Amino acid sequence: MTLTVTAAPAVPVGREKEPPRGWLHRWPLLPLIATVLLVGVPADGTGAWTVLGVPAADLLSGAAVLACAGHLLFLRRRPLTPAAAAVLGLPAVGLALATVTAADPVAALPGFVRYLQIFVLVPAAVLLLVRDAQGFRAVAGALVLLAAVQGATGVHQYVTGSGASYMGEDIRAVGTFGPGDVMGMATVVGYGLVAAAAYALRPPLGTPRRLKPWAPLTAVLLVVPLTLSFSRGAWIATAAGVLAVIALTGLRQAVRALAVLGAAGVVLVGGVGVGSEMIAQRLTSITEVTSAPDRSVNDRYTMWAAAVGMWREEPATGVGLKGFPAHRDGHASIGLSAGSDTAGAGQEFRRQPLLSPHNMYLLVLAEQGLIGFIALVGSWAALLVGGVRRLVLARARGSAAVDCGLAAVGLMTWQTVDFLYADIGGPSTVLTGIVLGLAAWWALAGPERTSAG
């Protein structure tokens with residue numbers, strides 16, 4: 001009798017291990033979810049939730065990057081596709097160039113680390129750690145949960161008169177971010193509202209019927225704290241993000257959604273009278289920015305002009321990261337005020353210096369020049385265009401992950417529009433990296449990861 005031994009099939013060199021299932025499959029998401037949720041923890045640089053002045057959410061984002069590196073080593077997976085590496089790595093080139101060409105490279109180094117964290121490392125970690133549509137929904141769900149908590153806190157501040165000072169009254173909803181970061185809560189609520197709207201219009205397959213009303217209800221309720229934030233930039237960005245989601249859902253659903261959105265706005269703001277007089281005045285001021293601008297708008301125009309002046313001085317590489325404050329007075333007119341007044345929400349009156357132009361595009365142009373601007377803004381444009389393209393294809397093919405595409409495109413639209421009126425800064429900044437990562441997952445991840453529901 002001849003004994004025949006059959007050799008096991010050889011595993012091709014470099015082939016990836018199959019990712020583990022169950023809890024082992026999901027544990028890499030924990031640092032990402034914790035990063036999102038810990039953004040709402042008050043952090044003034046001296047509290048128990050900071051280490052050497054670094055907020056807990058930023059520390060967890062670093063843990064997510066390390067977890068990503070460990071995950072890749074364990075699975076022996078190619079880190080990024082060539083396209084993803086180009087899109088996410090391109091900003092690093094402009095950042096490095098702006099740092100080494102700065103008048104004081106040592107002073108620019110913290111800016112390099114911060115930008116690298118927000119625009120390169122954290123998005124890449126999200127892209128690699130989110131393995132499927134369920135993982136995407138878990139991170140997006142954390143954004144919605146954070147928005148609900150912050151929104152409830154903001155409404156309570158308005159009702160009880162314990163918010164930030166606005167027109168002489170402590171009614172401005174700022175959540176746990178305080179009057180020094182009035183955009184923090186508005187940013188968080190805007191993200192949550194857009195994500196909730198996406199899942200309201202296209203619930204994930206298999207969602208139990210009893211759970212389907214929660215997404216539209218949450219989206220409608222988040223309109224209240226967003227309104228009470230009195231943040232014009234956040235209003236415009238959220239409207240753009242929601243309209244993008246509605247437009248990409250389909251004509252029939254778009255008409256129904258716009259009707260519901262209009263009715264909700266009338267009931268919540270007009271019928272109930274939620275700050276209707278102040279809101280009307282704030283809305284009117286959006287159209288008066290050229291004819292009769294208030295002081296905040298005057299200051300913004302002045303800083304925008306200063307940023308353009310810095311770019312003209314150093315058109316290729318800019319004045320260097322973290323260079324705007326040092327060069328501001330040399331390029332700003334005498335019409336710029338010394339700072340903005342902040343008070344309320346448990347804080348005494350303070351004069352907060354104006355250290356940025358409140359326009360991310362102009363800040364990048366001033367500090368990184370045309371080279372850095374093309375690299376960074378080009379990366380964002382690639383994510384948005386790639387996301388829309390993949391969403392159109394996914395709808396045509398009937399993909400089960402269309403809801404993820406709607407959320408990704410809506411969030412990316414929100415971010416690109418908000419950057420017209422704001423820049424990075426404050427505890428909520430790390431969420432920018434999370435949002436860019438979700439957009440990158442949808443636009444750049446392989447079809448095997450984005451096609452399954």
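The values are calculated or read from the model by the stated rules, or taken from the named source; none is laboratory data. A quick note: this is a predicted structure, and the numbers were derived from the prediction, not measured. Ideal geometry is used to build each Cβ from the backbone, glycine not excepted, and the neighbour counts take in all protein chains shown. For accessibility, only protein heavy atoms count, side chains too; no ligands or nucleic acids. Shrake-Rupley method; radii C 1.70, N 1.55, O 1.52, S 1.80 Å.
Selection within the range 351-372: residues that are more than 19 Å from Thr101 (Cα to Cα) and modelled with pLDDT of 90 or more. The member of this set that is most open to solvent (accessible area, probe 1.4 Å) is Tyr361.
Answer with yes or no whether Leu128 is of a type in the set (A, V, I, L, M) and crowded, with 19+ Cβ neighbours inside 10 Å. Considered against the rule, which asks whether it is of a type in the set (A, V, I, L, M) and crowded, with 19+ Cβ neighbours inside 10 Å, Leu128 comes out as yes. The set of residues from the range 177-206 being open to solvent by less than 40 Å² (accessible area, probe 1.4 Å) and either of a type in the set (Phe, Trp, Tyr) or outside any helix (DSSP H, G or I) (or both) comprises Phe177, Gly178, Tyr191, Tyr199, Pro204. Would you check if Thr81 is at pLDDT 75 or above, polar (S, T, N, Q) and either touching a Lys or Arg at 6+ places or on another chain (Cβ under 8 Å) or exposed (fewer than 14 other Cβ atoms within 10 Å of the Cβ) (or both)? The answer is yes for Thr81.
Here Val36 meets the list (1) open to solvent by 20 Å² or more (accessible area, probe 1.4 Å); (2) at pLDDT 80 or above; (3) closer than 17 Å to Val126 by Cα almost entirely, failing just condition (1). Just one residue in the set Leu217, Leu211, Leu193, Leu243 is in contact with a helix residue (DSSP H, G or I) (Cβ under 7 Å, 6 or more places away or on another chain) and not basic (Lys, Arg); that residue is Leu193.
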